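See below for the structure under consideration.
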Amino acid sequence: MDTEASPLPSTTPRSRALATEAVHAGRDDLAALGLHAPPIDLSTTYPSYDSRGEAERIDAFATTGARLDGPPVYARLDNPTTARFETALARLEGTASAVSFASGMAALTAVLLARASMGLRHVVAVRPLYGCSDHLLGAGLMGTEVTWTDPAGIAGAIRPDTGLVMVETPANPTLAEVDIRALAHSCGSVPLLVDNTFATPVLQRPVEHGARIVLHSATKYLGGHGDVMGGVVACDEEFAARLRQVRFATGGVLHPMAGYLLLRGLSTLPVRVRAASTSAAELCRRLSADPRIARVHYPKVGGAMVSFEVYGDPHRVISAVRLITPAVSLGSVDTLIQHPASISHRIVDEGDRQAAGVGDRLLRMSVGLEDVEDLWADLCQALSDPPARTAAGTVPEWLPTGR
Ligand SMILES: *Cc1c(COP(=O)(O)O)cnc(C)c1O
């Protein structure tokens, strides 16, 4: 088994920089194993000739939720490849543990179930949140009850059965930010969950400011190439143990191939985020000076997301981009643009959406690693008065086809 990282011989490693952790965390044991790339373990089950011993290990997991020593018995308990990703992400976020899931939504579901199982069904949340997170909290699907408030109203919204305070910062899709430290203070003993999908640990480590739980849609920047879905929760070991028990019982596990890809994604996370952020800041500067743009949103913390409100028809911009891909999701090496009111936040009630600042003229762009001049040229042509379309969705013959 290769689940445990063996310590480096007799040195107390000083704390390593983020860029170093990104390429080494979760891989500390590889050299001793005679490997360079992490092994992928696709086993769904693990042989054992000692069923009494297995019974004890299963009992131990059921009571403590602690990771098993040795083989995981069955792949719904644990997997050594996804465990490497968890180890690495915890290291980057500065938490004791991390628990991975099949998607960001599966991760949030497990957090809500873990708190509800302790009788804490009430959630206090600040809008905007990612559309489906808003929906999951508000639609009653999980038996949770939510109080929506602004950061100033948090302390007053907390009740004896409040299990969680949830925020996104920068928030999807307006890039609104909250002061994590001040907010954590208002939470008292209730854990603050920060969805850190947009900032990533490269730009912001919420636990350093008092958050207790950090959530990621790993589908976005952590994977970084638009080809893997996953979610992860970084937290202390006590809550991680509870999450593992929920994951075992409900089955939303991250596939080992996805775990491998996410670990690989982490190794380039700092360079990807920094390079894309430089382009995003430059596009933000140019958009802010452009008379076709009513308003540009770009967070103080930086990052590769830019949102902007157009004076013209946002749907025309979406239909006119050629290099930039008109698609939901974010955090990939290539640039994506979408209309939140139609797509990512469609599932949120229109009144709530508008009140959270997600207007009909807002576009959300995830800036990738293309040359910034090429991106600007594409944005400029898409923003200029477009030619009349022949019919809805039909591209005139003289425009490039093939997409
Ligand atoms: C995409 C997203 C999610 C949901 O993650 P999935 O991996 O799509 O399930 C949650 N939070 C934020 C901020 C997101 O952008």
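None of the figures in this text is laboratory data; all of them are computed from the coordinates on show. Because the structure is predicted, anything quoted here is derived from the model rather than measured. Counting neighbours? That spans all protein chains shown, and the Cβs are built from the backbone with ideal geometry, glycine included.
Of the trypsin sites (Lys or Arg not before Pro) in the stretch 13-63, the ones in a loop by DSSP (not H, G, I, E or B) with at most 14 other beta carbons within 10 Å are 14, 16. Here the sum of -39500 (n - 2.57) over DSSP H runs of 4 or more residues, divided by the residues of the chain, equals -11000 deg cm²/dmol at 222 nm, to the nearest 500. Building the convex hull from the alpha-carbon atoms of the stretch 270-384 and averaging its projection over directions returns 6.7 nm². The amide H of residue 219, built 1.01 Å from its N in the peptide plane, has 104, 230 as neighbours under 5 Å, considering only residues 5 or more places off or on other chains.
The convex hull around the C-alpha trace of the stretch 97-187, projected and averaged over every direction, spans 6.1 square nanometres. With 0.36 nm allotted per residue and the present C-alpha distance subtracted, the residue 189-residue 289 stretch has 31.5 nm of extension available.
Average projection, convex hull of the Cα set of the stretch 209-273: 5.1 square nanometres.
Using 0.36 nm per residue, how much length does the chain from residue 181 to residue 33 gain when fully extended, once their Cα-Cα distance is taken away?
Taking residue 181 through residue 33 to full extension adds about 49.1 nm, to one decimal.
Put a plus charge on the Cβ of each Lys and Arg, a minus charge on the Cβ of each Asp and Glu, and nothing anywhere else: the dipole of the stretch 270-384 about its Cα centre is then about 220 debye.
Remark: spin-label model distance residue 117-residue 381 equals 5.4 nm, labels positioned 7 Å along the Cα→Cβ axis. Projected label points at residue 249 and residue 18, each 7 Å from Cα along the beta carbon direction, are separated by 3.6 nanometres.
Computed across the stretch 25-77, the Kirkwood hydrodynamic radius from all distinct Cα-Cα pairs reaches 13.0 Å. Taking the inverse of the mean reciprocal distance over all distinct Cα pairs, the Kirkwood hydrodynamic radius of the chain comes to 22.3 Å. Towards the positive end of the charge dipole of the chain, with charges on Cβ (+1 Lys, Arg; -1 Asp, Glu), say which of 55, 135, 226 has the farthest Cα. So the residue we want is 135.
Can you tell me the dipole magnitude for the chain around its Cα centre, using point charges on the Cβ only (Lys, Arg +1; Asp, Glu -1), in Debye to the nearest 20?
The calculated dipole for the chain is roughly 320 debye.
Based on the Cβ-Cβ distance from residue 237 to residue 45, what FRET efficiency comes out when R0 is 25 Å, to the nearest 0.05? In this case the efficiency is close to 0.40.
Which FRET efficiency value, to the nearest 0.05, is calculated for residue 300 and residue 161 with the Förster distance at 41 angstrom and r the Cβ-Cβ distance? With R0 = 41 Å, the Cβ-Cβ based efficiency is 0.75.
The GNM of the chain, with springs linking C-alpha atoms under 10 angstrom apart, assigns the highest mean-square fluctuation among 18, 192, 141 to 141. The H on the amide N of residue 253, modeled in the peptide plane, is under 5 Å from the matching H of 102, each at least 5 residues off or on a different chain.
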